[in-house]
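Please read the structure below before turning to the comments.
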There are 4 protein chains.
Amino acid sequence: MNSFGRIFRVSIFGESHGECVGINIDGCPAGLPLSVEDFTADIERRKAGAKGTTPRKEADLPRIMNGVYNGKTTGAPITILFDNTNTRSGDYEKQRAVPRPGHADFVASKKYGGFEDFRGGGHFSGRLTVCLVAAGVVAKKLLSPPPPEEGTGITINASILEIGGEADTEVGLQKAIDVKDTIGGIVECKVNGLPIGLGEPFFDSAESLISHAVFAIPAVRGIEFGTGFAAARMFGSEHNDAIADSTGKTVTNHAGGMVGGITNGNDIIFRIAIKPTSSTPKIQHTLNVETGETEDFSVKGRHDLCIALRVPVVLEAVTAFVLADLMLLEQRVGRVV
Amino acid sequence: MNSFGRIFRVSIFGESHGECVGINIDGCPAGLPLSVEDFTADIERRKAGAKGTTPRKEADLPRIMNGVYNGKTTGAPITILFDNTNTRSGDYEKQRAVPRPGHADFVASKKYGGFEDFRGGGHFSGRLTVCLVAAGVVAKKLLSPPPPEEGTGITINASILEIGGEADTEVGLQKAIDVKDTIGGIVECKVNGLPIGLGEPFFDSAESLISHAVFAIPAVRGIEFGTGFAAARMFGSEHNDAIADSTGKTVTNHAGGMVGGITNGNDIIFRIAIKPTSSTPKIQHTLNVETGETEDFSVKGRHDLCIALRVPVVLEAVTAFVLADLMLLEQRVGRVV
Amino acid sequence: MNSFGRIFRVSIFGESHGECVGINIDGCPAGLPLSVEDFTADIERRKAGAKGTTPRKEADLPRIMNGVYNGKTTGAPITILFDNTNTRSGDYEKQRAVPRPGHADFVASKKYGGFEDFRGGGHFSGRLTVCLVAAGVVAKKLLSPPPPEEGTGITINASILEIGGEADTEVGLQKAIDVKDTIGGIVECKVNGLPIGLGEPFFDSAESLISHAVFAIPAVRGIEFGTGFAAARMFGSEHNDAIADSTGKTVTNHAGGMVGGITNGNDIIFRIAIKPTSSTPKIQHTLNVETGETEDFSVKGRHDLCIALRVPVVLEAVTAFVLADLMLLEQRVGRVV
Amino acid sequence: MNSFGRIFRVSIFGESHGECVGINIDGCPAGLPLSVEDFTADIERRKAGAKGTTPRKEADLPRIMNGVYNGKTTGAPITILFDNTNTRSGDYEKQRAVPRPGHADFVASKKYGGFEDFRGGGHFSGRLTVCLVAAGVVAKKLLSPPPPEEGTGITINASILEIGGEADTEVGLQKAIDVKDTIGGIVECKVNGLPIGLGEPFFDSAESLISHAVFAIPAVRGIEFGTGFAAARMFGSEHNDAIADSTGKTVTNHAGGMVGGITNGNDIIFRIAIKPTSSTPKIQHTLNVETGETEDFSVKGRHDLCIALRVPVVLEAVTAFVLADLMLLEQRVGRVV
């Protein structure tokens, strides 16, 4: 249930306020150079601290426990831990009685019979996305081994498309700051350099696998590929991408890089919708499950005003490990690299 | 690759112009009443023949080969076949040289080395969605055993929300007919009666599993849950659903029935975008891979003007088997019913 | 539950007295020549009719429904059906009250709530091993594409080692005929031509996967690799296989071709124990579950005196599809051949 | 590849001389009491130090990193680490040139391109069986929650049946000590208290799953259920177990508790063969892969004279997690306990 992938298989574990969060990567080929430094850039990109993000800061130093020897992957499972050091569980005691609207508190309590670690969202916490980022770092290295020859590697880039409906993200963010509320956004991801043929006709279409992984990211409410929802308003003759040459390059790329569930050699392009962070500082009226009364409620703790700001690197990461798995499955990456 | 589900596991097979298409359902509990008649209503809903759909008509009589004895499921795998009777392969010979834009012809040829059965889209054909519908029939019966007691069963209803941007689907369709082109649409699905607790925190979130299955339906370009992409423009205080009572009922349902990847007891609501059918009668300019020249191309064959019209029952079906699997996994349905 | 394999994935279905039995093979590479004739030899080897086997004879003509086009696999799932033509269900009515000792009748009734198709053993019947043989034919072709160059293909050969404790199988069989009872036997399987490196350190050791598949064959009671149980009485210095040259060839082969769960390039050798057929013509004393009384019971029907005689080709088959899967996983066989 | 189980899913990781070895358990129900003390007894049973076992001693203190809160499982994945403290990697440098006979050194080097962590057997080391034991502890608690009511829990007991062919294990062991060699043995496992109905007809037969897990234990060369290999020499009328009463109790238990791949409510009984430890102190003649010459070789390091002595608790463990998974799958254990 907490695993994903058929060959390059990631398993996530940990809780926001437990000892650590972590990720296990099975099926990574042997011989891939991997060091703690490889994680720095992407983990920095995910980090809090910028305007609009939570003041909770974690050192986020990855501890590579297994699967790497002499600076290279061994072919055995790779385990990476991140210690939880900056936790304030006191912040969260109240939520037992008043499940936070938009959070998993209530459903977790029902699903796990009240035995769940509820502190800071426990296993549901966005804290665990640092583990996704870590898996993404390994997957990216596999997809684009450094130093990449010109044009040979696969590159994945995600960026904020809009915040609160504004393409100027500063403007969008300021709207939220002004009203002391949280705000949503849209993130776009592009993948360049993929071969033709990844994905399967039905259940394991490239879109199926990518969206499966993407909805593992907390706060995602939608995904669209290529023209996406706009395609619903188009005519076929507008939407079809004519094939331009024998490499499969198309004149337009409305399909977003996949037809029939299979990559077609053009850039993969997709967008995801991120809801506003549920932990808004605004007063909310919600149920106290102990008293049975509705009461006013305000999230104190330390939270992000706009979680979308921290999502791009996470989105790249899940995309990377989906594609790494497909590349291995399609034998485009060797079992030893 | 052609299978989906952990306990209630469906496997799809067949080609548009081969002997048959079919589905195998493993893990269905024993004791569920099942007859050929149970399939009639949903298969009729998917059928072509209405305005805007292909004139190719298939009898679509399900042949239950295995797993049913004395009118009830036995607990062994259920195999259901649909013979292909109305095939005209001659229509498709040309596509080898001129891969149809928007179709899988080109990528399939690259992926399978030219060995794929290309007739009528082969294994990629929308024809196979009749198999998804069949699996959905079984799953629906499992979710809502007849005769359902008042309010106890789980009901799944999908319907067209718009065609070509028009809520009046007749208007939308006429636009396409007028210009002799194909057109896209949006389909919405609602699920009522689910318990709290289906789905898992990360990779097997309810959204992950539903979207995984949904992107197995040909022509889907996007999916959004609850407020979906609109959430990206909302404030947290607007978006959060306050819990109203101890059953988990929320005052609003912006989340679309899931928080933290887990069903919360409210209606699941989601929408999908369907692109316009690629097989438009309009002239297109695309590559002849044999000559290397771009040439004019027009799809003859028999095709749907608006495939979205036939999607609702398919969408219900994939949703049904995802939920049947989760209900079994969460032990809300017994191994013998 | 009725599927096996990670890439080359087989799914079995059907019942002894239903319409058909069948197998679905997903993940078979495209481009493999495959015709009905390919199945003849192995299906003949499994067939009844020889001394010591059941007089029930089936035509056992494989019907390749999907996944093959123009005589070659397409990369889409392959479905193969075998019609059940020679069924006499009347033979089996009595068993509802008196579950046959050594058979699955009683446990199936408990597990499936009495809804199972009990005729002729239903889904538990040895009849379904014809499906395993069919999957094995495809796997063997993949492992050893004809015409094989000298020494390049992988060959799998299983044979009877003893019947009723007698290396002379005729003698062993006659013992059973003389006392009008059924008798067990031992079958040995050898695989030549495998590369080094198939299998994984722990859960997916080559032995784990082979034994998993082998215990899918009805009547198997044990399996041993290389020296097997005899190893328990050996000293380390006797048992160890010294490496002879840089290809990994060992001086002896006590390990049976695998160390640490990984193939070592030497022949795989293993043996399985087959119990005597449960359906003995001898009078047995067992429970009538309706009366609650113990009563005399004798199997009429048509049964094998020594099912071990028909096992070698089934054993080769399951071994073949395990190895085909590992060869694909280890990228020793391409996705297109 | 390093995971096993469908609901109760264990994933193993780590290397003999790396930072730690560990196990991740996904799908364990919430609410199960679990503390470090629960592990003491079984970990002690596996420990070295007794006559015939290696002088390498590890503290083997389990560190429960995740999935437990307030002394009970939370329903989130459980991660348990064991630090490697007593390592002497210097012992192992030589093996690069002279792969130890009977060990995975040579195949690992080929499979992982020389990138494997070869120190002390790396990921192949018997050291990792402490992780299997830990998973077994959790599974056992699930199968038999303390304090068990009389006769309600499931108990699993494995014991040495013979060492070097001697039922008196002291005698068997002394034989090896006398000749300064290692020696094999046979271990038997019994399971009491199981319900009828665990396991599936074909690929997921109870025997298939148990043997799959059992061959994950290093040094196992064979497994037999019930009468096992002796069944091959029996008549059907001898072998069949007559059903004695309506609970499914049989007069004899030659089947070892399973028919048709399904548990029948009687004790499960099976035996496994353990080969003599490959690391014998005796001089061996084997290849130096660097010089290409055969040379004399003697294992120094710290090793077990008879690894079979330490296997029973490991065998219980893997049996326990196979059965825990089946109990969850068959809904005999709840998702919250």
Filter the range C:293-325 for residues that are assigned to a strand (DSSP E or B) and buried (at least 23 other Cβ atoms within 10 Å of the Cβ) and give the result.
none
From C:Val318, C:Val337, residue being more than 23 Å from D:Ser125 (Cα to Cα), within 11 Å of chain D (Cβ to nearest Cβ) and of a type in the set (A, V, I, L, M, F, W, C):
C:Val318
Would you call B:Gly18 part of a loop (DSSP other than H, G, I, E, B) and buried (at least 22 other Cβ atoms within 10 Å of the Cβ)?
yes
Go through D:Ser16, D:Ser11, D:Ser89 for me and flag whichever is at pLDDT 95 or above and not aliphatic (A, V, I, L, M).
D:Ser11
Of the residues in the range B:21-57, those that are away from every other protein chain (no Cβ under 14 Å), outside any loop (DSSP other than H, G, I, E, B) and closer than 25 Å to C:Gly122 by Cα number 3
Give A:Gly228, A:Gly184, A:Gly222, A:Gly265 a once-over and let me know the one that is facing chain B (nearest Cβ under 7 Å), surrounded by fewer than 24 Cβ atoms within 10 Å (Cβ to Cβ) and modelled with pLDDT of 95 or more.
A:Gly228
Under 8 Å by Cβ, and 6 or more places apart or on different chains, what pairs join a residue from the range C:273-286 that is outside any loop (DSSP other than H, G, I, E, B) with one that is crowded, with 22+ Cβ neighbours inside 10 Å and among the polar types (S, T, N, Q)?
C:Gln284/D:Asn240
All positions within the range B:1-15 that are outside any loop (DSSP other than H, G, I, E, B) and either buried (at least 24 other Cβ atoms within 10 Å of the Cβ) or not polar (S, T, N, Q) (or both)
B:Phe4, B:Arg9, B:Val10, B:Ser11, B:Ile12, B:Phe13, B:Gly14
Just checking, how many residues over the range B:108-145 are without any contact (Cβ under 8 Å) to a residue 24 or more places away in the chain and either crowded, with 24+ Cβ neighbours inside 10 Å or in a loop (DSSP other than H, G, I, E, B) (or both)?
7
Could you list, in sequence order, all residues of the range B:231-254 that are under 24 Å from A:Gly52 (Cα atoms), assigned to a loop (DSSP other than H, G, I, E, B) and more than 7 Å from chain A (Cβ to nearest Cβ)?
B:His254
Conditions first: (1) touching a residue at least 60 places away in the same chain (Cβ under 8 Å); (2) crowded, with 18+ Cβ neighbours inside 10 Å. C:Lys51 passes all but one, so which condition is the exception?
(2)
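Quick grid of which residues meet (1) closer than 30 Å to C:Leu329 by Cβ; (2) of a type in the set (Lys, Arg):
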residue: D:Asp105; (1), (2): yes, no
residue: D:Tyr112; (1), (2): yes, no
residue: D:Gly121; (1), (2): yes, no
residue: D:Cys131; (1), (2): yes, no
residue: D:Ala134; (1), (2): yes, no
residue: D:Lys141; (1), (2): no, yes
residue: D:Gly165; (1), (2): no, no
Which one of the conditions (1) within 11 Å of chain A (Cβ to nearest Cβ); (2) crowded, with 16+ Cβ neighbours inside 10 Å does B:Val179 fail to meet, given that it meets all the rest?
(2)
Considering residues that are more than 29 Å from the chain's Cα centre (by Cα), facing chain C (nearest Cβ under 7 Å) and under 26 Å from D:Gly126 (Cβ atoms), the number found within the range D:268-298 is 4
The condition from (1) assigned to a loop (DSSP other than H, G, I, E, B); (2) more than 21 Å from the chain's Cα centre (by Cα); (3) within 8 Å of chain C (Cβ to nearest Cβ) that D:Asp204 misses is numbered (2)
Give just the number: which of (1) buried (at least 20 other Cβ atoms within 10 Å of the Cβ); (2) among the hydrophobic types (A, V, I, L, M, F, W, C); (3) at pLDDT 95 or above does B:Val36 not satisfy?
(1)
Which of (1) more than 20 Å from the chain's Cα centre (by Cα); (2) at the interface with chain C (Cβ under 7 Å from one of its Cβ atoms); (3) within 30 Å of D:Pro33 (Cβ to Cβ) is the odd one out, the single condition D:Pro195 does not satisfy?
(2)
Within 30 Å of A:Ser237 (Cα to Cα) and in contact with a strand residue (DSSP E or B) (Cβ under 8 Å, 6 or more places away or on another chain) - does that describe any residue in the range B:249-271?
yes
Can you tell me how many residues within the range D:159-176 are within 11 Å of chain C (Cβ to nearest Cβ) and on the phi < 0 side of the Ramachandran plot?
8
Which members of the range A:246-262 meet the condition of being over 28 Å from the mean Cα position of the chain (by Cα) and either free of Cβ contacts under 8 Å to residues at least 40 places away in the same chain or surrounded by fewer than 22 Cβ atoms within 10 Å (Cβ to Cβ) (or both)?
A:Ser246, A:Thr247, A:Lys249, A:Thr250, A:Val251
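The values are calculated or read from the model by the stated rules, or taken from the named source; none is laboratory data. The structure displayed is predicted, hence computed values, not measured ones. Glycine gets a Cβ as well: all are built from the backbone with ideal geometry, and neighbour counts include every protein chain shown.
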